[in-house]
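What follows is one structure encoded as structure tokens, with my remarks underneath.
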Amino acid sequence: MLTSTNLHPALAGVDGCKAGWIAVHRELDKPPSVSVFPSFQALLDALPDATIAVDMPIGLPDFSSRGGRGPEALVRPLLGARQSSVFAIPSRAALYADTSDFTTIEAWYAAHRLASAVAMETSDPPRGVSIQAFGIFSKIREIDSLLIARPELRHRIFESHPEVAFCRLNGGTAMALPKKIKGAVNPAGMEERKALLCRRGYDRRFLDQAPPRGAASDDFLDAAAMMLIAGRIASGEARPSPDPPLTDRFGIPVAIWA
């Protein structure tokens, strides 16, 4: 049976998705729900008191060193074959190199080349930006801009990571199977994660439902895992990597919670 704490009754686990943000959320003594929001601000408006764990980098480096910001290097060894899911975050300058709303694929690729060039100049060893990482830059900026403008949100929005979450929820043992193989959902890996989430209190019927439009099935399971981490954060069980968290130049905490 899923429970919330009396101190922080509202919980939300969040992941980026094609339509914006998918959230698995619940209030005290109510079953979980799943929703998709077009923006992170819309999510905050709908869940104004929730403790939120989100699968998105929070706190950006001015200069990117080998292995990432710090949290990445600490959690990768926990994940074994799943450690490639934790990628290094490029510099803040690279993330903000081009903030356009792209109307053509040519403009998108040009912006990627620019971001990659800036990343090379602000990293040691020099490292560009993968297409996959560039694809979530706008979402990273969305949360970053909110946390810069509204410091009070830093006390209820926390970075986590699905594979780190599943590992922690599984007693410190990483998932044996990947969620995806060559970009396609791996049914066996999804089943492994659903079984773990059920052991942690989810109803199987909830997890078996089709995800909301604009979100994929793996986004849904990741958000469900994130909600359990939000509960661990609210109850004081979760731990950050590193502990204590680092901070970026705006004072935003830099840590992966699980």
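Taking the listed residues Ala97, Ala110, Ala73, the one that is out of contact with any Asp or Glu (no Cβ under 6 Å at 6 or more places or on another chain), free of Cβ contacts under 8 Å to residues at least 24 places away in the same chain, small (Gly, Ala, Ser) and assigned to a loop (DSSP other than H, G, I, E, B) is Ala97, with no other qualifying. The numbered conditions (1) open to solvent by less than 60 Å² (accessible area, probe 1.4 Å); (2) within 30 Å of Tyr96 (Cα to Cα) are all true for Leu207 except (2). For segment 18-40, a residue qualifies if it is part of a strand (DSSP E or B) and open to solvent by less than 10 Å² (accessible area, probe 1.4 Å), and the qualifying residues are Gly20, Trp21, Ile22, Ala23, Val24. In segment 124-177, the residue that is modelled with the lowest pLDDT out of those that are open to solvent by 10 Å² or more (accessible area, probe 1.4 Å) and polar (S, T, N, Q) is Gln132.
Can we say Ile229 is surrounded by 15 or more Cβ atoms within 10 Å (Cβ to Cβ) and in contact with a strand residue (DSSP E or B) (Cβ under 7 Å, 6 or more places away or on another chain)? For Ile229, the condition - surrounded by 15 or more Cβ atoms within 10 Å (Cβ to Cβ) and in contact with a strand residue (DSSP E or B) (Cβ under 7 Å, 6 or more places away or on another chain) - is met.
In this structure, Gly189 does not qualify as over 23 Å from Thr247 (Cβ atoms), under 18 Å from the mean Cα position of the chain (by Cα) and surrounded by 14 or more Cβ atoms within 10 Å (Cβ to Cβ).
Considering each residue of segment 65-115, count those that are open to solvent by 70 Å² or more (accessible area, probe 1.4 Å) and of a type in the set (S, T, N, Q), and give that number. Number satisfying all stated conditions: 4. Applying the criterion of being assigned to a helix (DSSP H, G or I) and charged (D, E, K, R) to the residues of segment 138-188, the residue that is farthest from Ser217 (Cα to Cα) is Glu152.
Taken together, the residues in segment 156-180 that are under 16 Å from Met56 (Cα atoms), out of contact with any Phe, Trp or Tyr (no Cβ under 7 Å at 6 or more places or on another chain) and not aromatic (Phe, Trp, Tyr) amount to 7.
Determine which member of the set Leu60, Leu11, Leu74 is within 16 Å of Ala224 (Cα to Cα) and within 18 Å of the chain's Cα centre (by Cα). Only one candidate qualifies: Leu11.
The values are calculated or read from the model by the stated rules, or taken from the named source; none is laboratory data. Fair warning: this is a prediction, and the values are worked out from it, not measured in the lab. Neighbour counts are summed over all protein chains in view; Cβ atoms, including those assigned to glycine, are modelled from backbone coordinates with ideal geometry. Quick note on the areas: whole protein, heavy atoms, side chains included, nothing else; ligands and nucleic acids left out. Shrake-Rupley method; radii C 1.70, N 1.55, O 1.52, S 1.80 Å.
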